[in-house]
Amino acid sequence: MKYRDWLQQLIYKIINPVVHGMIKVGITPNFITTTGLVLNVVAAAMFVYAAFKGGNSVLTCIGWAGGIVLFAGLFDMMDGRVARVGHMASTFGALYDSVLDRYSELVTLFGILFFLLLKGYFWGALLTGLALMGSLMVSYVRARAEGLGLDCKVGLMQRPERVVLTALGAIFCGVFQDCRAFDPMYILIAPLALIALLANWTAFIRIAHCYKLLKSRA
């Protein structure tokens with residue numbers, strides 16, 4: 001079993017009581033998906049707000065925004081789980097989930113990019129832009145491949161990894177706000193640099209994977 005499958009099953013065991021509770025009170029998958037987007041918009045707004053603040057309160061705000069991003073990531077897992085366990089899966093629901101997931105990730109990364117740009121971290125903002133580009137292309141290549149009837153889930157930097165890295169970078173940036181050995185902002189930028197590299201690499205890996213699949217069918 002791959003590590004992602006093992007981790008997914010572990011998380012499912014943890015969230016299953018919550019999932020069953022949501023089903024009992026009539027919460028729908030689309031409502032959960034929408035809530036996840038709203039939380040990410042709130043996190044993005046906090047990044048934008050922090051861009052205009054000064055002092056240590058800036059990094060405190062960044063840390064809390066990271067916590068919201070991580071919390072919102074749970075909703076990304078719960079909507080699909082509620083749909084399957086509650087027998088509420090639908091074609092529109094799958095489309096709605098995919099579209100709002102893209103909006104959630106892009107709005108969060110845009111908020112971080114805006115924050116870094118206004119704070120004078122040009123290279124950090126550039127890396128965030130590359131991370132945004134890679135995140136979009138990873139999802140696009142998979143969607144395009146599946147539209148052609150190809151299975152395309154390969155690569156290291158898929159959405160869960162990107163969300164966790166982004167969230168932890170922001171959280172620990174806030175935790176180490178009093179650090180004097182180095183600029184705590186680099187704790188936020190470093191995971192984004194990793195996403196920028198590996199997300200774009202994953203997109204190209206997926207293109208190569210699809211090429212091999214199509215070639216084998218020829």
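The values are calculated or read from the model by the stated rules, or taken from the named source; none is laboratory data. Since this is a predicted model, take the numbers as computed values, not measurements. Using ideal geometry, Cβ is built from the backbone for each residue, glycine included, and neighbour counts are taken over all protein chains shown. When the accessible area is computed, the model is the full protein with side chains, heavy atoms only, and any ligands, DNA or RNA have been set aside. Shrake-Rupley method; radii C 1.70, N 1.55, O 1.52, S 1.80 Å.
Do you know which of the residues in region 32-47 that are buried (at least 18 other Cβ atoms within 10 Å of the Cβ) and more than 15 Å from the chain's Cα centre (by Cα) is farthest from residue 188 (Cα to Cα)?
My answer is 32.
Output the number of residues of region 78-102 satisfying the condition of being of a type in the set (A, V, I, L, M, F, W, C), more than 23 Å from residue 137 (Cβ to Cβ) and open to solvent by less than 60 Å² (accessible area, probe 1.4 Å). Outline the logic, then answer.
Within region 78-102, the first condition is being of a type in the set (A, V, I, L, M, F, W, C), and the residues that meet it are 78, 82-83, 85, 88-89, 92, 94-95, 99-100.
Pick out the ones that are also more than 23 Å from residue 137 (Cβ to Cβ) and you get 78, 82-83, 85, 88-89, 92.
Of the ones still in play, those that are also open to solvent by less than 60 Å² (accessible area, probe 1.4 Å) are 78, 82-83, 85.
Final tally of qualifying residues: 4.
Which of the following residues is open to solvent by 60 Å² or more (accessible area, probe 1.4 Å), modelled with pLDDT of 95 or more and closer than 22 Å to residue 196 by Cβ: 126, 136, 116? Full working, then the answer.
On the way: 136 fails: modelled with pLDDT of 95 or more; 116 fails: open to solvent by 60 Å² or more (accessible area, probe 1.4 Å).
Just one listed residue meets the conditions, 126.
Taking the residues in region 148-167 that are under 17 Å from the mean Cα position of the chain (by Cα) and in contact (Cβ under 8 Å) with a residue 60 or more places away in the chain as candidates, determine which candidate is nearest to residue 43 (Cα to Cα).
Filtering first and then ranking leaves 167.
Taking interchain pairs and intrachain pairs at least six residues apart, which have beta carbon atoms under 6 angstrom, with the first residue in region 118-142 and over 23 Å from residue 155 (Cβ atoms) and the second open to solvent by 50 Å² or more (accessible area, probe 1.4 Å) and at pLDDT 95 or above?
From residues that are over 23 Å from residue 155 (Cβ atoms), the pairs are 125/117.
Output the residues belonging to region 139-161 that are assigned to a helix (DSSP H, G or I) and either open to solvent by less than 50 Å² (accessible area, probe 1.4 Å) or at positive phi (or both).
To start, the set of residues in region 139-161 that are assigned to a helix (DSSP H, G or I) comprises 139-147, 159-161.
Answer for region 139-161, where residues must be assigned to a helix (DSSP H, G or I) and either open to solvent by less than 50 Å² (accessible area, probe 1.4 Å) or at positive phi (or both): 139, 141, 145, 159, 161.
List the residue pairs whose Cβ atoms are under 8 Å apart, where the first residue sits in region 30-41 and is more than 15 Å from residue 95 (Cβ to Cβ), the second is among the acidic types (Asp, Glu) and open to solvent by 10 Å² or more (accessible area, probe 1.4 Å), and the two are 6 or more positions apart or on different chains.
Correct list of pairs: 36/76; 36/101; 40/105.
Only one of (1) touching a residue at least 60 places away in the same chain (Cβ under 8 Å); (2) within 30 Å of residue 20 (Cβ to Cβ) is not met by residue 87, so which one is it?
Condition not satisfied by residue 87: (1).
Is it fair to say residue 164 is surrounded by fewer than 21 Cβ atoms within 10 Å (Cβ to Cβ), β-branched (Val, Ile, Thr) and under 18 Å from residue 186 (Cα atoms)? Working first, answer last.
Details: surrounded by fewer than 21 Cβ atoms within 10 Å (Cβ to Cβ): yes; β-branched (Val, Ile, Thr): yes; under 18 Å from residue 186 (Cα atoms): yes.
Here the answer is yes, as residue 164 does meet what is asked.
Here's the yes/no breakdown for (1) modelled with pLDDT under 90; (2) in contact with a helix residue (DSSP H, G or I) (Cβ under 7 Å, 6 or more places away or on another chain); (3) aromatic (Phe, Trp, Tyr):
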position: 8; (1), (2), (3): yes, no, no
position: 16; (1), (2), (3): yes, no, no
position: 36; (1), (2), (3): no, yes, no
position: 65; (1), (2), (3): no, yes, no
position: 83; (1), (2), (3): yes, yes, no
position: 92; (1), (2), (3): no, no, yes
position: 101; (1), (2), (3): no, yes, no
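Go through region 188-213 and report how many residues are of a type in the set (Val, Ile, Thr), more than 20 Å from residue 119 (Cα to Cα) and open to solvent by less than 20 Å² (accessible area, probe 1.4 Å). Give the derivation first.
At the first step, the residues of region 188-213 found to be of a type in the set (Val, Ile, Thr) are 189, 195, 202, 205, 207.
In the following step, the residues that additionally are more than 20 Å from residue 119 (Cα to Cα) were identified as 195, 202, 205, 207.
Still in the list and also open to solvent by less than 20 Å² (accessible area, probe 1.4 Å): 195, 202.
Of the residues in that region, 2 qualify.
Tell me, yes or no, whether region 168-187 has at least one residue that is touching a residue at least 40 places away in the same chain (Cβ under 8 Å), open to solvent by less than 20 Å² (accessible area, probe 1.4 Å) and touching a Pro at 6+ places or on another chain (Cβ under 6 Å).
Yes, region 168-187 contains a residue that is touching a residue at least 40 places away in the same chain (Cβ under 8 Å), open to solvent by less than 20 Å² (accessible area, probe 1.4 Å) and touching a Pro at 6+ places or on another chain (Cβ under 6 Å).
Mind checking whether some residue in region 57-76 is open to solvent by 40 Å² or more (accessible area, probe 1.4 Å) and not in a helix (DSSP H, G or I)?
Looking for residues that are open to solvent by 40 Å² or more (accessible area, probe 1.4 Å) and not in a helix (DSSP H, G or I), one finds none in region 57-76, hence no.
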